[in-house]
Amino acid sequence: MFEIARTTSVEVLREVPMGLMVGRDEREILLPKRFVPAGTQQGDVIEVFVYTDSEDRPIATTVTPLAQAGEFAGLRVVSLNRAGAFLDWGLPQDLLLPIQLQLEPVYPGQRIVVHVECDSISGRPVANAMVERFLDSPPGDLREGQAVELLVYEDTDLGSKAIVEGRFGGLLYHDSGVLQLELGVLGSGYVQRIRSDGKIDLTLSPSGKAAVDEASAIVLRVLEKAGGRLALSDRSTPDEIREVLGLSKKAFKRAVGALYRKRHIRLGDSSIELTRSKRDRS
């Protein structure tokens with residue numbers, strides 16, 4: 001039996017007028033001609049994505065959708081009808097978001113985060129906007145300062161709710177000084193705090209040693225591109241530092257301190273320079 005809304009390996013069984021019949025475990029489905037890779041022959045094993053056609057029959061494609069069953073994704077609404085909204089998930093046939101699985105009315109052009117699943121009655125792939133019911137508990141090996149992938153699914157007065165690593169939830173607190181992630185678009189962030197109740201606080205900037213390491217790497221990279229010397233120091237203004245390095249003055253001072261202690265740089269009255277040993281290793 002083929003799993004609907006999943007990628008699977010199949011064998012090319014035979015050619016038919018409309019394309020190829022492909023199969024696995026004594027089951028076969030059609031791979032329409034427009035999706036057949038050039039040079040494909042009988043007996044080849046290929047990867048296909050299985051979904052359903054307009055009559056709810058399984059059909060294969062070699063096009064990779066934006067999400068499979070069991071995954072979250074931010075998808076655009078392309079049209080509406082009485083059954084619900086249709087979302088662009090990268091396939092010729094749009095994905096239905098039934099009215100009963102919407103948290104609130106949606107509109108064409110809107111990006112909305114959904115969980116892809118299969119309808120229990122028809123078996124066809126559908127979207128579900130009630131994403132929180134599908135989130136897992138954070139894993140036990142999660143650590144503070146860890147870099148993670150984020151998908152913001154809801155903005156609140158307190159902050160942005162995000163799906164972390166495609167599995168569990170966290171909250172990215174509003175910070176007027178930091179550009180927030182766009183709803184429904186994958187981004188990256190860091191675990192700021194793991195609360196005693198298991199809830200996760202997120203940030204877009206690394207903290208602690210990770211922050212210093214990242215800022216130090218930026219300073220070294222810009223120094224190397226500039227020939228080993230930058231006209232920046234403790235006397236430089238925050239605007240001057242941000243223009244050259246994209247760092248705050250606080251982050252710059254911490255990075256400079258760390259690099260100086262490692263003897264990677266020399267400090268001048270109005271500049272920083274790579275040491276000779278560091279230049280030789282670059």
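The values are calculated or read from the model by the stated rules, or taken from the named source; none is laboratory data. Bear in mind that the values here come from a model prediction, so they are computed numbers and not experimental data. Neighbour counts are summed over all protein chains in view; Cβ atoms, including those assigned to glycine, are modelled from backbone coordinates with ideal geometry.
Taking each residue of the range 122-135 that is outside the structural domain of LEU151 (by TED's automatic domain parsing) and of a type in the set (Ser, Thr, Tyr) and looking for partners that are surrounded by fewer than 19 Cβ atoms within 10 Å (Cβ to Cβ) and not in a strand (DSSP E or B) with beta-carbon atoms closer than 8 Å, six or more apart or interchain, yields SER122/ASP56. Residues in the range 195-207 that are under 24 Å from the mean Cα position of the chain (by Cα), of a type in the set (Gly, Ala, Ser) and surrounded by fewer than 12 Cβ atoms within 10 Å (Cβ to Cβ): GLY198 alone. Screening ALA83 with (1) under 26 Å from the mean Cα position of the chain (by Cα); (2) under 15 Å from ALA129 (Cβ atoms) gives one miss only, at (1).
Do we find that GLY227 is surrounded by fewer than 17 Cβ atoms within 10 Å (Cβ to Cβ) and free of Cβ contacts under 8 Å to residues at least 12 places away in the same chain in this structure? Answer is yes for this residue.
Of these, GLY198, GLY184, GLY189, GLY169, which one is touching a helix residue (DSSP H, G or I) at 6+ places or on another chain (Cβ under 9 Å) and either in a loop (DSSP other than H, G, I, E, B) or outside the structural domain of ARG261 (by TED's automatic domain parsing) (or both)? Spell out the reasoning first.
Numbers: GLY198 fails: touching a helix residue (DSSP H, G or I) at 6+ places or on another chain (Cβ under 9 Å); GLY184 fails: touching a helix residue (DSSP H, G or I) at 6+ places or on another chain (Cβ under 9 Å); GLY189 fails: touching a helix residue (DSSP H, G or I) at 6+ places or on another chain (Cβ under 9 Å).
Answer to the check: GLY169.
All told, ARG76 falls short of being of a type in the set (Lys, Arg) and exposed (fewer than 14 other Cβ atoms within 10 Å of the Cβ).
Hey, can you tell me all the residues within the range 79-95 that are exposed (fewer than 15 other Cβ atoms within 10 Å of the Cβ) and among the hydrophobic types (A, V, I, L, M, F, W, C)? Scanning the range 79-95 gives a single hit, ALA83. All told, VAL116 meets the bar of being outside any loop (DSSP other than H, G, I, E, B) and either of a type outside the set (D, E, K, R) or touching a helix residue (DSSP H, G or I) at 6+ places or on another chain (Cβ under 8 Å) (or both). For the range 210-225, the condition of being in contact with a Pro (Cβ under 9 Å, 6 or more places away or on another chain), part of a helix (DSSP H, G or I) and not hydrophobic (A, V, I, L, M, F, W, C) holds for at least one residue.
Scanning the range 96-135 for residues that are loosely packed, with under 12 Cβ neighbours inside 10 Å and of a type outside the set (Gly, Ala, Ser), we see that the one that is farthest from the chain's Cα centre (by Cα) is ILE121.
Yes/no per residue for (1) farther than 30 Å from LYS249 by Cβ; (2) of a type in the set (Gly, Ala, Ser):
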| site | (1), (2) |
| --- | --- |
| LEU96 | yes, no |
| ARG111 | yes, no |
| GLY123 | yes, yes |
| ALA147 | no, yes |
| GLU154 | yes, no |
| VAL191 | no, no |
| ARG195 | yes, no |
| PRO206 | no, no |
| ALA211 | no, yes |
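Restricting ILE4, ILE59, ILE46 to those that are touching a residue at least 60 places away in the same chain (Cβ under 8 Å) and touching a Ser or Thr at 6+ places or on another chain (Cβ under 8 Å) reduces the list to ILE4.
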